[in-house]
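Written out below as structure tokens is the structure these notes cover.
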């Protein structure tokens with residue numbers, strides 16, 4: 001009978017904990033998948049519009065490495081969202097780097 005009480009106690013303690021962890025993982029997973037879908041759709045749209053242009057424009061865009069520019073742009077967006085999410089998760093606000101002259105800063 002002792003094992004029944006211990007098992008019941010473990011279910012009472014671990015049940016809500018496991019549910020909370022699964023909710024957190026599920027929310028993060030859904031957010032990550034949704035964000036990747038949005039970024040992928042944006043990239044596909046840009047590349048498809050680039051492919052619909054004429055052959056001369058395609059050659060110019062190829063020489064300008066427009067596809068690399070698009071990838072860098074979307075990587076910057078993803079990084080910005082990631083950093084904003086980390087700041088929200090840690091509940092930390094960014095410190096202001098620049099201060100107007102005349103306050104507590106040293107004038108040059």
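The values are calculated or read from the model by the stated rules, or taken from the named source; none is laboratory data. All values reported here derive from a predicted model rather than from experimental measurement. Glycine gets a Cβ as well: all are built from the backbone with ideal geometry, and neighbour counts include every protein chain shown.
Odds and ends about this structure:
- Note on the range 43-52: residues that are surrounded by 12 or more Cβ atoms within 10 Å (Cβ to Cβ) and either at pLDDT 90 or above or more than 20 Å from residue 32 (Cα to Cα) (or both) total 3.
- Being surrounded by fewer than 12 Cβ atoms within 10 Å (Cβ to Cβ), in a helix (DSSP H, G or I) and modelled with pLDDT of 85 or more is a property that does not hold for residue 3.
- Any hit, the range 87-103, residues being within 17 Å of the chain's Cα centre (by Cα), assigned to a helix (DSSP H, G or I), modelled with pLDDT of 80 or more and under 30 Å from residue 25 (Cα atoms): no
- Flag for residue 56 being in a helix (DSSP H, G or I), surrounded by 10 or more Cβ atoms within 10 Å (Cβ to Cβ) and modelled with pLDDT of 85 or more: no
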